[in-house]
1. What length, rounded to one decimal in nm, is gained on full extension from residue 151 through to residue 105, with 0.36 nm per residue of separation minus their alpha-carbon distance?
2. Output wanted: per-residue J couplings in Hz (rounded whole) for the range 108-123, from phi through Karplus 6.51 cos²θ - 1.76 cosθ + 1.60, θ = phi - 60°, x for Gly and Pro.
3. Considering only protein heavy atoms, what per residue accessible area in square angstrom results for the chain with a 1.4 angstrom probe?
4. Would you mind counting up the charge near residue 195? Only other residues with Cβ under 13 Å from its Cβ, with Lys and Arg at +1 and Asp and Glu at -1.
5. Show the residues, 5+ positions off or on another chain, whose built amide H is closer than 5 Å to the amide H of residue 141.
6. Using a Förster distance of 25 angstrom, determine the FRET efficiency expected from the C-beta separation of residue 205 and residue 329, and round it to 0.05.
7. Accessible area of the range 1-41 with a 1.4 Å probe: how many percent of it is carbon plus sulfur?
8. For every other residue with a beta carbon closer than 12 angstrom to the beta carbon of residue 254, add +1 if it is Lys or Arg and -1 if Asp or Glu, then tell me the sum.
Amino acid sequence: MNIGEIARRAGVSRSTVSYALSGKRPVSEDTRRKIQRIVDELGYQPSASARALANGRTSTIGLVFPPAGNHYTGMQLDFIGSVVEAAAAHDYDVLLSPSGVDSDRSFQRLLGERRVDGAILMEIRLEDDRADHLAALGFPSVAIGRTAHPEDGWYVALDHTALAAACVHHLADLGHRRIAFVNRPEQLLRTGYESAHRGLDGFTKAAAERGLTVRTYCCGDDAAAGQACLEQILHDDPATTALVTLNEAALGGLYRGLAHAGRHVPRDFSVTGVVANRWAETVTPQLTAADVPAAEMGRLAVDLLVERLDHSDAPPRQHLLTPPISLRASTGPAGVPQT
C-alpha cells in the first residue's frame, strides 16, 4: 500500500494525500477526512524515508558510543538501554554508532547521509574531535560527559572529580591511611577519557588534602584484570587497607583477589567507588558507592536533545550530577594493616 493507491481510492492527486498526511499545506476538511478514513481502513503507515522527506525529520537519534575495549561493559549497556527507553517516550528511534573519532566511517555516514536528526555522544574525551566536528557543523548534539572546555556545550555529566574525592574522604574518616585507586584501562587514560582523568584528579587532590599514602593503577575492563590489579596492589604495598575504583567491570575480580589474599571485606579491607547501583548490589558484600544514575542520565540527555531539536535557538543547557555515597556493606573502620 502506498500514497498512489490512497490517492486513487480517494479520487485526489498524490500531492493532496501527501499534504493531508504531513499538514504542510492546507487541505479541505472533507478531503482530509476522506483520506484519513481510507488510511485507517487500509492500515497505511508511511515509511521512515517518506516521513523524512515530508517533514525534514528522520525521527531517529544517533547514539555515538564506542565500546571501551573489545566489548561494551555492563554500565555501558545500561546507558544504551536508558537512551533507547527515553527516546521511545519521545517517539524517536535510536541508531547506534560505535565511533570513537570523527574520522570513523560510521560517524561520517551518520552525518553525511543525514540518517539522524541529532546525536548523543558517549565516552567523552577532554579534547574530543567528534564534539568539535558537530559544533562546527551546527549539528544538534548532547554529550554524556564533559570536554575540557564544556561551557558552550549541551551535556549531562557526573562530577567525577567530586565523587572520587568524596570516596577518599569517606575512607579517611574511617581511619584508612593507605589507599589504592583503580582507574579505567591505561589506553583510555592516554587518549584523554574525561571520567578517568577527572576521577584521578579528584582522588589525588583529596588524598593529598588528608595526608594519605596512595598508589594509582589502571585496570582492564574485566574481572581477570581486576584480580590481577588487586594482586599488584597488595604486592606493591601489603599495608594497603582500602581502595577506590571507577571500574565497575573489574569489580568482581577485585573482590575475588581480596578473597584469594585472605582479606575479608570490610573487616580487613574496604572497597568503594563510582559504580551504577545495580552493579554495586551484585557483589557480596554490597558496595558502598557513589551510584551512577544511568537511567536518569540517559533520560536527561534525550530530553535535552529533543529540546534542542524543537528549539534551535535555545541557549546551551547542562546537568552536572553529584550523587551521594550510598552506604552499604563494603567499608568499615581501618583495621591493623597486614604486612
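The values are calculated or read from the model by the stated rules, or taken from the named source; none is laboratory data. From a predicted model like this one, the values you see are computed outputs, not experimental measurements. As a convention, Cβ positions derive from the backbone with ideal geometry for all residues, glycine included, and neighbour counts pool all protein chains shown. Ligands, DNA and RNA are excluded from the accessible area calculation, which covers all protein heavy atoms including side chains. Shrake-Rupley method; radii C 1.70, N 1.55, O 1.52, S 1.80 Å.
1. Values: separation 46, 0.36 × 46 = 16.56 nm, distance 2.86 nm.
Using 0.36 nm per residue and subtracting the Cα-Cα distance, I get 13.7 nm.
2. 5, 5, 4, 8, x, 9, 6, 6, 9, 7, x, 9, 10, 9, 10, 6
3. Values: 15730 Å² over 339 residues.
Solvent-accessible surface per residue comes out at 46 Å².
4. Numbers: positive: 125, 146, 184, 198; negative: 123, 128, 159, 194, 201, 221, 248.
Taking every Cβ under 13 Å from that of residue 195, the sum is -3.
5. Counting only residues 5 or more places away or on other chains, the set is 119.
6. On the way: r = 28 Å, r/R0 = 1.11.
After rounding to 0.05, the efficiency reads 0.35.
7. Numbers: 1180 of 2830 Å².
Answer for the range 1-41 is 42 percent, counting heavy atoms of protein chains only.
8. Here the count lands on -1.
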